[in-house]
Amino acid sequence: MLRTHTCGELRESNSNEQVTLCGWVQRSRDKGGLMWTDLRDRYGITQLSFEEGSTPAEVLETARKLGREFVVKATGTVVERYSKNDNIPTGGIEIKVESLEILNGSKVPPFIIEDDTDGGEELRMKYRYLDLRRNAVRSKLQLRSKLAMAVRNYLTEQDFIEVETPVLIKSTPEGARDFVVPSRMNQGEFYALPQSPQTFKQLLMVSGFDRYFQIVKCFRDEDLRADRQPEFTQIDCEMSFVNQEDILNTFEGMTRHMFSAVRGVELGDFPHMTYADAMRKYGNDKPDIRFGMEFVELNELAQNKGFSIFDQAELVLGICAEGCAEYTRKQLDALTDYVKRPQIGAKGLVYVKCNTDGTFKSSVDKFYSQEDLKAWADKADAKAGDLILVLSGTTNETRKQMSELRLHMGKELGLRDKNTFQPLWVIDFPLLEWDEETKRFHAMHHPFTSPKAEDMALLDTDPGKVRANAYDLVINGVEIGGGSIRIHDRATQQLMFKHLGFTEDEAKAQFGFLMDAFEYGAPPHGGIAFGFDRLCAMFGGSDSIRDYIAFPKNTSGRDVMIDSPSTIDETQLKELGINLR
Ligand code: ASP
């Protein structure tokens, strides 16, 4: 090794030792006769010291040439510092340098490589390799590595086998657009990059692997939202001879292990909630249940009292914001503006203040008596000092709008502490989802998800009502994982494709291999996949998954560092048989 120690290692107890350190120059201070240089590596920062008179002249001369981010090797003696720096673990010592070698120079970096940098997002992404030198960024990837290790340890311990599945495959319908790769050897034909290894992991169950997992890259060509990446990582898992409870228990175990091993957090209960209840109580299939504020349906109490907006509504919904009766006009206006924003789209907001003197003051006093409002308050469990907020309209829209308002109030009231973790299993998802655009049903999860046996008959009469053996793990209102018990026989799989609008030939062409496999002794099986990037971000207390990816793409799907995607030259195109004109 070129060095004896790292830059994060030495303490007062090492005093008088001869050591050699390697690293990058973070900064130097030259006070004439005295000079100090902070040397940085992945492990920390150690101060090098040079002194006219005692440091050899040629060493001093080299030291004066050092610029930011030069790579150097320094040998010297560990000495205790006069004025210690309590902010860093090595702050008690410095190295009196006796020999100094510049291993490589550096141009002046485009931004300062310290925790507080002056570099903007775009610049840091262009020079991501420099950004990754910063503690704050690198530590996020270390967290990621630790999490991956915790997952591997846990699953291996539980007899799961990690298997790599191919990346050049054919389209898997996970609901998004595929990335495709042209084939040179089979011109005019294309591979698709996997949106997930779904069909392969099911085939591994047919092969008798029994328990599979993979920490795997998946690709989806979607318009990017703030927290989406075209390539992302899943913890992908599948098990045979299990029912839904077995899967929920196994992955509750894995989640508990990750939290305790990596964050030192012992998670509490993992309650189960049906999709229908989640929608009814929270208007959301991934409710944040760190706080209450459940929806209350006020139709019966609020309709037929002369207020036409409520009378015409399919649903009148209230939530109770505890202790908010004193909200000012201005605060209430701000809430109204919030729900009227185009992204939320409510027409207005009705409020009822439950005054501390037992009276009520509402924005609809003209239509409702004190007794009427008291009945609302009773139904909403509102006490004196609370504020009831009411929205109305069609069921789906009102629920969605109220869900946003609830989350907003939760944030305003400090009920969404990022150091509190509340898991929740959402179960019994609908099998199918109506798509207005294409005017047909889509698989809500994917076409391999099994319907609940007791709902099978509804497939022909009321397909939208059929529930699936599908589940999501939600933590703090974020969907962390999702999966299902699969179909494992040809006839049911064929029936499913039929309901999804595939002709028999289309189904055979696309998924014949899977249905064929089902005819050779497919065991009952099911599984789940976790969004690994998002899990990392949650562990790190951040909203952005990009911070937890070493080389992420920007919101236009570009890698600005390597400048990709890019054009390719004529010969390459010709070889692929692609004519762009
Ligand atoms: N393949 C599914 C997904 O990517 C997960 C699963 O059903 O196991 O969402």
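Comparison of G67, G76, G119, G91 shows that the only residue that is among the small types (G, A, S) and surrounded by fewer than 15 Cβ atoms within 10 Å (Cβ to Cβ) is G67.
Taking residues in region 97-116 that are under 21 Å from S139 (Cα atoms) and touching a residue at least 60 places away in the same chain (Cβ under 8 Å), and partners anywhere that are of a type in the set (F, W, Y) and surrounded by 15 or more Cβ atoms within 10 Å (Cβ to Cβ), the pairs with Cβ atoms closer than 9 Å and at least 6 places apart or on different chains are I113/W24. Taking residues in region 195-217 that are free of Cβ contacts under 8 Å to residues at least 12 places away in the same chain, and partners anywhere that are of a type outside the set (F, W, Y) and in a strand (DSSP E or B), not one pair has Cβ atoms closer than 8 Å while being at least 6 places apart or on different chains.
Beta carbons closer than 8 Å, at least 6 apart along the sequence or on distinct chains, pair a first residue in region 435-464 that is more than 26 Å from P197 (Cα to Cα) with a second that is among the basic types (K, R) and crowded, with 18+ Cβ neighbours inside 10 Å for D455/R467.
Against the criterion of being touching a Cys at 6+ places or on another chain (Cβ under 9 Å), more than 30 Å from E121 (Cβ to Cβ) and small (G, A, S), G512 does not qualify. If L424 satisfies every condition in (1) in a helix (DSSP H, G or I); (2) more than 30 Å from I169 (Cα to Cα) but one, which is the exception? L424 satisfies every listed condition except (1).
Take L458 and decide whether it is in contact with a helix residue (DSSP H, G or I) (Cβ under 8 Å, 6 or more places away or on another chain) and closer than 21 Å to N243 by Cα.
On the way: in contact with a helix residue (DSSP H, G or I) (Cβ under 8 Å, 6 or more places away or on another chain): yes; closer than 21 Å to N243 by Cα: no.
Considered against the rule, which asks whether it is in contact with a helix residue (DSSP H, G or I) (Cβ under 8 Å, 6 or more places away or on another chain) and closer than 21 Å to N243 by Cα, L458 comes out as no.
Would a scan of region 223-231 turn up a residue that is buried (at least 23 other Cβ atoms within 10 Å of the Cβ) and either more than 16 Å from the chain's Cα centre (by Cα) or away from the ligand (no atom under 11 Å from the Cβ) (or both)? No, region 223-231 contains no residue that is buried (at least 23 other Cβ atoms within 10 Å of the Cβ) and either more than 16 Å from the chain's Cα centre (by Cα) or away from the ligand (no atom under 11 Å from the Cβ) (or both). Inside region 523-558, residues that are more than 16 Å from the ligand (Cβ to nearest atom) and either aliphatic (A, V, I, L, M) or in a strand (DSSP E or B) (or both) make up a count of 4.
Of all residues in region 9-58, which are out of contact with any helix residue (DSSP H, G or I) (no Cβ under 7 Å at 6 or more places or on another chain), assigned to a loop (DSSP other than H, G, I, E, B), surrounded by fewer than 17 Cβ atoms within 10 Å (Cβ to Cβ) and touching a residue at least 40 places away in the same chain (Cβ under 8 Å)? Once the filter is applied, which keeps residues that are out of contact with any helix residue (DSSP H, G or I) (no Cβ under 7 Å at 6 or more places or on another chain), assigned to a loop (DSSP other than H, G, I, E, B), surrounded by fewer than 17 Cβ atoms within 10 Å (Cβ to Cβ) and touching a residue at least 40 places away in the same chain (Cβ under 8 Å), region 9-58 yields R11, S15, N16, E17, S54, P56. Set side by side, the residues D547, D563, D516, D543 differ, and just one is more than 25 Å from E231 (Cβ to Cβ) and either surrounded by fewer than 19 Cβ atoms within 10 Å (Cβ to Cβ) or β-branched (V, I, T) (or both), which is D516. Of the residues M258, M273, M293, M279, the single one that is touching a helix residue (DSSP H, G or I) at 6+ places or on another chain (Cβ under 9 Å), at positive phi and away from the ligand (no atom under 16 Å from the Cβ) is M293. For region 129-180, the set of residues classified as under 26 Å from D115 (Cα atoms), modelled with pLDDT of 95 or more, assigned to a helix (DSSP H, G or I) and more than 21 Å from the chain's Cα centre (by Cα) consists of Y129, L130, D131, listed by residue number. Report yes if some residue within region 320-343 is in contact with an Asp or Glu (Cβ under 8 Å, 6 or more places away or on another chain), among the β-branched types (V, I, T) and outside any helix (DSSP H, G or I); otherwise report no. Within region 320-343, not a single residue is in contact with an Asp or Glu (Cβ under 8 Å, 6 or more places away or on another chain), among the β-branched types (V, I, T) and outside any helix (DSSP H, G or I). For region 184-206, filtered to residues that are away from the ligand (no atom under 14 Å from the Cβ) and surrounded by 17 or more Cβ atoms within 10 Å (Cβ to Cβ), the residue that is farthest from the chain's Cα centre (by Cα) is V206.
The values are calculated or read from the model by the stated rules, or taken from the named source; none is laboratory data. Remember, predicted model here, so these are calculated numbers, not experimental data. Every residue, glycine as well, gets a Cβ built from its backbone with ideal geometry; the counts of neighbours run over all protein chains shown.
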